[in-house]
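K.L.:
The structure is given below, and queries will be raised subsequently.
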Amino acid sequence: FKQKDISKNVDFRTFSQPNIQELKAEDELVDNTGTAPWRFGFNNYTNLDLNNSGTWVELLNGDRIWILKLTCQHALTVNLTFSNTAIPEGNEMYVYNESKDFILGKFTSNHIYNGKLGTELIPGNTAIIEYYVKKVHDLGNVQVSIVTHGYRTASEFQEKAFGGSGACNMNVNCSDGLPWQQQRNS
């Protein structure tokens, strides 16, 4: 857009840093047991939508943009989960970090499944949502239900996972995996 930067001076929510030491202590107990998925972040449950949060900006042509800035104090990444979300045809949603060097979108109705959408891990501690509504289109709905404070990174997962298989795990690329070639190739 050829207007000034519209992501400044908008509604924002800040989530406090969880007890990272406590979370990592729990992770140490669970990570190698296979009883739970690898946890990368702490979930902040919310109910932020077009009616109770965000800032509406009207563009010169009558189109509108809803903007909401979400910050997790001292997070390495932020991950968003949307629920009860409907993006009518022609409307678009974008999610990006504060420096705008990581942009997700455009999200449309094609990306929503049963009203739900999850984002990739957004680097940094802030995620900004922009929901673009054309002048002549229905509003739809955007609801952020979970803001995840990422305290561990994917590289930490890879470091722990490499060489971490148990004695009962077989490598399908070795001779003991020969009976499983068809499954491996599928």
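K.L.:
Just to be sure I understand, how many residues within the range 103-125 are open to solvent by 50 Å² or more (accessible area, probe 1.4 Å) and among the aromatic types (Phe, Trp, Tyr)?
P.N.:
Residues meeting the conditions: 1.
K.L.:
Determine the pairs where a residue that is at positive phi and modelled with pLDDT of 95 or more, located within the range 44-61, has a partner that is open to solvent by less than 40 Å² (accessible area, probe 1.4 Å) and assigned to a strand (DSSP E or B) with Cβ atoms under 7 Å apart, the partner being 6 or more residues away or on another chain.
P.N.:
Listed by first residue and then by second, the contacts come to GLY54/TRP66; GLY54/ILE67; GLY54/LEU68.
K.L.:
Considering only the range 86-102, how many residues are outside any loop (DSSP other than H, G, I, E, B) and either more than 17 Å from LEU70 (Cα to Cα) or open to solvent by 90 Å² or more (accessible area, probe 1.4 Å) (or both)?
P.N.:
Within the range 86-102, residues that are outside any loop (DSSP other than H, G, I, E, B) and either more than 17 Å from LEU70 (Cα to Cα) or open to solvent by 90 Å² or more (accessible area, probe 1.4 Å) (or both) number 2.
K.L.:
Right, SER53: of a type in the set (Gly, Ala, Ser) and either in a strand (DSSP E or B) or over 23 Å from LEU139 (Cβ atoms) (or both) or not?
P.N.:
no
K.L.:
Hey, another quick one. Go through the residues of the range 14-26 one by one and say whether even a single one is β-branched (Val, Ile, Thr), surrounded by fewer than 18 Cβ atoms within 10 Å (Cβ to Cβ), farther than 26 Å from VAL136 by Cβ and touching a residue at least 60 places away in the same chain (Cβ under 8 Å).
P.N.:
yes
K.L.:
Follow-up. Of everything in the range 4-44 that's of a type in the set (Ser, Thr, Tyr) and out of contact with any strand residue (DSSP E or B) (no Cβ under 6 Å at 6 or more places or on another chain), which residue is nearest to ILE129 (Cα to Cα)?
P.N.:
Restricting to residues being of a type in the set (Ser, Thr, Tyr) and out of contact with any strand residue (DSSP E or B) (no Cβ under 6 Å at 6 or more places or on another chain), the top hit is SER16.
K.L.:
Please verify whether the range 63-72 includes one or more residues that are modelled with pLDDT of 95 or more, open to solvent by 80 Å² or more (accessible area, probe 1.4 Å) and among the basic types (Lys, Arg).
P.N.:
Yes, the range 63-72 has at least one match.
K.L.:
Moving on. Only residues that are over 21 Å from the mean Cα position of the chain (by Cα) and either polar (S, T, N, Q) or open to solvent by less than 60 Å² (accessible area, probe 1.4 Å) (or both): list them for the range 32-50, please.
P.N.:
Within the range 32-50, ASN32, THR33, THR35 meet the criteria.
K.L.:
Of the conditions (1) among the hydrophobic types (A, V, I, L, M, F, W, C); (2) over 22 Å from the mean Cα position of the chain (by Cα); (3) open to solvent by less than 80 Å² (accessible area, probe 1.4 Å), LEU29 satisfies every one except a single condition; which number is it?
P.N.:
Unmet condition: (3).
The values are calculated or read from the model by the stated rules, or taken from the named source; none is laboratory data. None of the values given here were measured: they were computed from a predicted structure. As a convention, Cβ positions derive from the backbone with ideal geometry for all residues, glycine included, and neighbour counts pool all protein chains shown. Surface accessibility is based on the protein's heavy atoms, side chains included, excluding ligands, DNA and RNA. Shrake-Rupley method; radii C 1.70, N 1.55, O 1.52, S 1.80 Å.
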